[in-house]
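Structure first, then comments.
Just so it is clear, none of the values below were taken in a lab; they were calculated from the coordinates. Here the structure is a predicted model, which means the values were calculated and not measured. Ideal geometry is used to build each Cβ from the backbone, glycine not excepted, and the neighbour counts take in all protein chains shown.
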Amino acid sequence: MRTKLLPLFFTLVFFNFLLSQENDLYRLSHKVEPIYQFIHLNLDPDKDVYSGTTKIELEIAAPLSSFRLHGKNFEIAKMSLIQNYKRITCNFEFQEFGLLKITPREALTPGKYKIEFEFNGSFSKKGEGIVKFTKDSLNYIYTQMQDIYARQFFPCFDEPGKKAEFLVSMFVNKNLETISNMPITSEEIKGNKKLVKFERTPLMSTYLLYMGVGEFEYLESDYENRTKIRIVTTPGKKSQGKFALDITKKVLKYFEDYTGINYPLPKLDMIAIPDFAVGAMENWGAITFREILLLSTKNTSFRVKRDIAMVVAHELWHQWSGNLVTMKWWNDLWLNESFANYMGYKALDHYFPEWNIWEYHLESETLGALSIDSLKTTHPISVDVKSANEIEELFDEISYGKGGSVLRMIDSFLGEETFRKGVSFYLNKFKYSNAEADDFWICLSKFSKEDIRKIAKSWINQPGYPLLKVESRGENLVIEQEAFQDAFRGQRWLIPLTIRSGGKVKTVVIKKRRQKIKIKSKNFKLNYNQTGFLRVK
């Protein structure tokens, strides 16, 4: 036996080594962590190029002969690595996957360092990184960093787990307005230019950074005497932001009450961009929207206004889950988006019960996801992401619709107050930090008699969904589960099932392939209110 097992053992060791090497190709080292990054930009919307400088304070935890951060699609004019005022001679090399390798002439010892860059590049024409567009003969600049586009703009540690504090300044034409994540602290006129400085951000991920330059109008409101809210538009359109402003104040209040955590920044800009490549983006304190998903008039239809409210609520929830607490890596992107998908509906249902928002959720989210998840080509909600280059494939109805529907199912099973306590505990425990999906399930389980992590994994780690076959036998229901799709026969789920019987509603967990449940009435409805992501026969 030993002579047969040894080759297998060495094969497994070598295979694991190759996997670790492959991972090293994509990921930054855990031995190097950013602490703080200063970014200064020279931005002129009338030109096609920009320039800037950045200084990053970082901590190296172990001796290194080289290390990597991110950078691509720009030029580096100058680079310096400094420790204790000593400059260390280094070479740099742009590599695949947007990596930027720094190789010093002498090995680096553990400690704090500063790395400085002077860089320049061209504005993007694809809506990624730093972008320029023209509207009504006026030129504008905005940034779109998610998923991996910060690295296309300036040198940085472009992974969600590499949080740092950022200090931004911009040098622009004096007649232009500037926007970033934090409020402006000072403006200094220098000839026909001005230097604009912003407050230092809290710990945050690079993909949430924002910089904007142009001629803007603002519809402003003070929220709770602590947060300035602005609807930001191009000239002549600020009056079209009244509906979105009202929704923003309502939803902020709901999420603060729900989580027990106040919106953490001193300002919130909701920015309408005519030429925006995506629907909306949750940059912390500077949320960007395609114009039609933020602005409206008295003639705008109810359906369009409802969609505006949904997008606003979705992006506002990200200010807590996504921004305040951020995924460690992109494999948990689904939770980021599923959570915002679900909580957006929840907030609007609180204020507008007449909208029958859960019927709309069933129509626009659950049914579409059930349809996609019926195909052999579907995928689990949770997908291993080796490289951030793969994450674009995950923005689909499984991550949004199915994920949001599964969270609704778990909320219904736990009960609203228990679910809220778990969410609040999770956000407080991991605020200004990073978390994994397991951390969320564990926090929910703290307030439940059931192991929510075990239940959730049966839904997020395998594709498809169950079909329940039901028979009534005396005082019992006999429920048998099987996969709805032939391709996934043999799969089993832990199913939180809501049953209405005799005028009462209860939830049980179907744990077996075939299970009996006692009911007191011959009249019953399974999957009451369609809270489960399943079908009943």
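Table for the structure above
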read-out	value
Signed unit charges on C-beta, dipole axis of the chain, positive-most listed residue Ser180, Asn336, His379	His379
Relative contact order (%) - criterion: Cα under 8 Å, at least six apart; region: the chain	9 percent
Between helix 242-259 and the chain: long-axis angle, C-alpha atoms, 0 to 90°, nearest 10	70 degrees
Rg/Rg_ref, region 147-208, where Rg_ref = 2.2 N^0.38 Å and atoms are Cα	1.27
Span from the region 405-466 Cα centroid across to the region 232-290 one, whole angstrom	27 Å
Rule-of-thumb Rg ratio for region 50-91 [Cα; 2.2 N^0.38 Å; N residues]	1.32
Percentage of interatomic Cα-Cα distances in region 444-537 larger than 22 Å	28 percent
Student exercise, region 478-521 dipole from Lys, Arg, Asp, Glu Cβ charges, in Debye to nearest 20	360 debye
Value of Rg/Rh across region 33-180 [Cα atoms, Kirkwood radius]	1.00
HN-Hα J in Hz across region 354-359 - Karplus 6.51, -1.76, 1.60, θ = phi - 60°, x for Gly and Pro	5, 6, 6, 5, 6, 5
Long-range amide H partners of Gln95 with built H, under 5 Å	Leu100, Lys101
Spatial extent of region 303-361: Rg and Dmax, with the Cα atoms as the point set, Å	12.3, 39
Computed over region 437-490: relative contact order in percent, which uses C-alpha pairs under 8 Å that are six or more apart	23 percent
Long-range HN-HN contacts of Ala435 with modeled amide H, under 5 Å	Thr326, Met327, Lys328
Rounded to whole Hz, the Karplus (6.51, -1.76, 1.60) HN-Hα couplings of region 429-443, x for glycine and proline	5, 10, 4, 6, 9, 10, 8, 10, 4, 4, 4, 5, 4, 5, 5
Volume of the Cα convex hull of region 101-240, divided per residue and given in Å³	174 Å³
Volume per residue that the Cα convex hull of region 171-311 spans, once the total is divided by residue count, Å³	123 Å³
MRE, 222 nm, helices only [DSSP H, n ≥ 4, -39500 (n - 2.57), over the chain, to nearest 500]	-8000 deg cm²/dmol
14 Å beta-carbon shell around Phe74, net charge (K/R +1, D/E -1)	-2
Long-range amide H partners of Gln491 with built H, under 5 Å	Ala483
Cα-based Rg and Dmax for the chain, where Dmax is the largest Cα-Cα distance (Å)	25.7, 88
Karplus-derived HN-Hα couplings along region 54-59 (A = 6.51, B = -1.76, C = 1.60, θ = phi - 60°), whole Hz, x at Gly and Pro	9, 10, 10, 8, 9, 10
Degrees separating the helix 403-414 axis from the principal Cα axis of the chain, which is the longest one	50 degrees
All lysines inside 25 Å of Lys305 as judged from Cα atoms, apart from same-chain residues fewer than 8 positions distant	Lys135, Lys228, Lys237, Lys238, Lys242, Lys249, Lys250, Lys253, Lys267, Lys346, Lys402
Square roots of 5 times each gyration tensor eigenvalue, C-alpha, region 289-402, largest first, Å	26, 18, 13
Cα long-axis angle, helix 333-351 against the chain (0 to 90 degrees, to the nearest 10)	70 degrees
